[in-house]
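Notes follow the structure.
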Amino acid sequence: MRKAMSIELRHLSHVYAPGTAFSSVALNDISLTVHDGDFLALVGHTGCGKSTLVQHLNGLLKPTDGQVLVDGEDLNGDKVDRRKLRMRIGLVFQYPEYQLFEETVAKDIAFGPKNMGLSAEEIDSRVRWAMEKVHLNYDKLAEKSPFELSGGQMRRVAIAGVLAMQPDYLILDEPTAGLDPHGRDRILGIVKDLHEGGTTVVMVSHSMDDVAQLATRVAVLSHGTLKAEGTPREIFRQREMMAEVGLGVPAASSLCAALRARGVDLPDDLYTREELKDHLLRLWKEVSGC
Amino acid sequence: MLKNITLGQYYPVDSPVHRLDPRVKILLAIAMIVAVFLVKTLAGYALILLFVFLVSKLAKVPFKLLVKGLKPLRFILILTFLLNLFFTNPADSDALVSWSFIRISTAGLHQAIFFSLRLIFLVLATSLLTLTTSPIQLSDGMELLLSPLKVIHFPAHELAMMMSIALRFIPTLLEETDKIMKAQMARGADFESGNLIKRAKAMVPLLVPLFVSAFRRAGDLAMAMEARCYHGGKGRTRLRVLKLTVDDALAGMAVAALIMLIIAERTLFPGGIVIGRFSL
C-alpha cells in the first residue's frame, strides 16, 4: 500500500441544484490541504457546509468548481477509480449506526474488506483487528445481530466497518453526536489512538473542548467559506472571530481570558485544561512563595 | 441523484381554481372522467380540450405543464394506439391498408384514435386536480367524501391520516436513502455496475437500513402522536374547516354545462359530422 501524502482542495466550490430556482451555494472557493499525519478539526455553525465539504474528500460529491487532489492526483479525473480511492479514504458519516445491515456484527464489519476483494483469512483478521481497535469483544459480539447492541456499541461497530478497510485517511463527521459522556470519551479515545498510530484524521466537531484535546490543526467554516485555518493555539486566541461565526472557544480559553481581564498574569493563547492548570499552579506557587 | 423530486405535482400559485373546495374538485374530476367516456365524436373531444384549456388558464397553470404530465404515459399511449390499430379488424369495415398479413381498417383507426384520446383526457382531467390541490388538501377532501361510509365501519379518517403521513415522509425517506447509499459507497459498495442479480444483491445494504429506520420512525411518530392524545378520528375537530362557496357552485355548473353540451352533441349528431370517409 502506498503511503498517504495529502488531500488537497483547490478553489473548491459546490452549488446544490445549479441552474434551478432551488440552487444554493454550499461551498465557495475553499482551498485547504490535509497533510500526512494531521489531525484536522473542521468546525463551523450548523449548515455552514462541513458535511458537504467532507463528502468531497472521498469523491461522493463532485465539486461544481475546483479540484480535489489525492496524493497529487485529481480525484474527479476520468481515469481515476474512485471506488478504489474511497477505500483508502475512510468516511464515517453522522450517525453511522443507521448504515448497519448484516445479520451479524462480524459480517457487517466485513462488508468493506469484502468489497476490496480480500481473501477470507485476511477479511477475518481485519474484522478481529478492527473490533479490537474499537474495544469490542470479538468472542462475545462477533456473532450477535448488530441490532441487538446498544447505541454506543452500534456506533463502534459502524466505525469498525470503516476501519477494517485500513484506510490511510479517516474522516469522521461528528462521531460523538447523540452519545452520552462515557460513549463520547470512548469514541474520542479510539480516534486519538488511531491518529497516534499514524492515520491521518479529519474530524467534524461541534465541541471546541474535544478539538482542543485532539486536533493538530483547525479549519473554521462559515457560510460555505473558509474563515480561518491554523493550529488550535492560533485559532482559539481569536475569541471575537470565533464568536462572530457562532462558535465558542474551549472552556480553558474562556476561563483564561476571564482571569486575564481581572489582571491575572497569564499568556493569551492557552487553550487546554492541562496548560492552564500548569500556569495557575506556577502562579500559585509564586504568590504563596513556597 | 435523488434530488429535484417534487412531491406529487402541485403547482403552488393562488387562483380561483386552487381555492375551490377539495371535495368539489375531486367530485368534478370524477365527473370530467365520466364526460370523457360519454364522448363519441372528435368534436366532443375538441369541446373537452377547450374546457381543460380554459380551466388551466383560470388556474394559472401553464398548459405546457399539463401536457408534460402525459410524458410518462407515452409508451402506454403508443402501445394502446398500435394494438387497436392492428388488432381491431371487423370484417364489415373496409381496409385502409392491406399488405401481406397487415390489415388496417377504418374501424381500427377510429378505435385507436378514440382510445388514445380517452387516455389522454383521463390524465389531463386528473392532472388538473393534482396540479391545483395540495396533497394535504386532497387527503382532507377524500376523508370528508368517504366519511358517510363510516356508518359501515369504513376507516375513512385512518385512511386519510395514513395518506398524509406517507406523503409527509416521502422527502425524509428520500434523503435517508441518499445518505445510506453514500455511506455504503464509502465502504466500497457498487450500485452501478454488474448484471441484474448482482445489482439486486447490491440493494440489500441499502434496503435493510432503510426499512429499519422507517420502522423506527413509525414507532417514534406513533408514540409522539399518542403523547399528544391522538386517539383516532372520533370527536376530532379540524384546523382547516372546509366551507362551500359561490365559486364551488359556479365550478359545478360549468362542469354540468360541459356534460350537457357533450350529451346534446351526441344526440344531435349521433354519427358525428361526416367528412368523406371519416366522421368527426
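The values are calculated or read from the model by the stated rules, or taken from the named source; none is laboratory data. All values reported here derive from a predicted model rather than from experimental measurement. Note: ideal-geometry Cβ built from the backbone for every residue, glycine included; neighbour counts use all protein chains shown.
Miscellaneous remarks
- Applying the set (1) at pLDDT below 95; (2) in a strand (DSSP E or B) to A:Glu234 leaves exactly one unmet item: (2).
- Qualifying residue in segment B:63-86 (condition: farther than 20 Å from B:Ser116 by Cβ, touching a residue at least 60 places away in the same chain (Cβ under 8 Å) and surrounded by fewer than 19 Cβ atoms within 10 Å (Cβ to Cβ)): yes
- Test: residue in segment A:216-229 that is crowded, with 17+ Cβ neighbours inside 10 Å, β-branched (Val, Ile, Thr), on the phi < 0 side of the Ramachandran plot and part of a helix (DSSP H, G or I): no
- Qualifying residue in segment B:79-92 (condition: of a type in the set (Asp, Glu) and closer than 27 Å to B:Gln111 by Cβ): yes
Conditions tested, residue by residue: (1) buried (at least 16 other Cβ atoms within 10 Å of the Cβ); (2) within 14 Å of another protein chain (Cβ to nearest Cβ); (3) in contact (Cβ under 8 Å) with a residue 60 or more places away in the chain; (4) among the β-branched types (Val, Ile, Thr).
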residue: B:Leu138; (1), (2), (3), (4): yes, no, yes, no
residue: B:Leu146; (1), (2), (3), (4): no, no, no, no
residue: B:His153; (1), (2), (3), (4): no, no, no, no
residue: B:His157; (1), (2), (3), (4): yes, no, yes, no
residue: B:Leu173; (1), (2), (3), (4): no, yes, no, no
residue: B:Leu196; (1), (2), (3), (4): no, no, no, no
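- Scanning segment A:267-287 for residues that are without any contact (Cβ under 8 Å) to a residue 40 or more places away in the chain and outside any helix (DSSP H, G or I) gives A:Pro267, A:Asp268, A:Asp269, A:Leu270.
- Top-ranked residue in segment A:100-138 [being outside any helix (DSSP H, G or I) and farther than 28 Å from B:Arg199 by Cα; ranked as farthest from the other protein chains (Cβ to nearest Cβ)]: A:Asn137
- Filter pass, A:Leu32 being modelled with pLDDT of 90 or more and either outside the structural domain of A:Ser205 (by TED's automatic domain parsing) or touching a Ser or Thr at 6+ places or on another chain (Cβ under 8 Å) (or both): no
- Residue in segment B:181-193 that is within 26 Å of A:His56 (Cα to Cα), part of a helix (DSSP H, G or I), hydroxyl-bearing (Ser, Thr, Tyr) and within 14 Å of another protein chain (Cβ to nearest Cβ) present: no
- Subset tally (residues that are of a type in the set (A, V, I, L, M, F, W, C) and at pLDDT below 90) for segment A:71-95: 4
- Residue in segment A:154-173 that is out of contact with any Cys (no Cβ under 6 Å at 6 or more places or on another chain), outside the structural domain of A:Arg83 (by TED's automatic domain parsing), without any contact (Cβ under 8 Å) to a residue 40 or more places away in the chain and assigned to a helix (DSSP H, G or I) present: yes
- If the condition is being surrounded by fewer than 10 Cβ atoms within 10 Å (Cβ to Cβ) and not hydrophobic (A, V, I, L, M, F, W, C), then segment B:199-245 contributes B:Arg228, B:His231, B:Lys234, B:Gly235, B:Thr237, B:Arg238, B:Arg240, B:Lys243.
Residues are listed down the side, and each one gets a yes or a no for (1) closer than 30 Å to B:Pro62 by Cα; (2) among the polar types (S, T, N, Q); (3) out of contact with any Phe, Trp or Tyr (no Cβ under 8 Å at 6 or more places or on another chain):
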| position | (1), (2), (3) |
| --- | --- |
| B:Thr133 | yes, yes, no |
| B:Gln137 | yes, yes, yes |
| B:Asp140 | yes, no, yes |
| B:Leu144 | yes, no, yes |
| B:Ile170 | yes, no, yes |
| B:Asp190 | no, no, yes |
| B:Asn195 | no, yes, yes |
| B:Ala200 | no, no, yes |
| B:Val212 | no, no, no |
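- No other residue among B:Lys60, B:Lys25 is outside any helix (DSSP H, G or I), under 30 Å from B:Leu144 (Cα atoms) and of a type in the set (Lys, Arg) apart from B:Lys60.
Residue-wise test of (1) within 30 Å of B:Pro62 (Cβ to Cβ); (2) away from every other protein chain (no Cβ under 14 Å).
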site: B:Leu124; (1), (2): yes, yes
site: B:Leu128; (1), (2): yes, yes
site: B:Leu149; (1), (2): no, yes
site: B:Lys179; (1), (2): no, no
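- Scanning segment A:68-87 for residues that are buried (at least 16 other Cβ atoms within 10 Å of the Cβ) and either touching a Phe, Trp or Tyr at 6+ places or on another chain (Cβ under 7 Å) or in a strand (DSSP E or B) (or both) yields A:Val68, A:Leu69, A:Val70.
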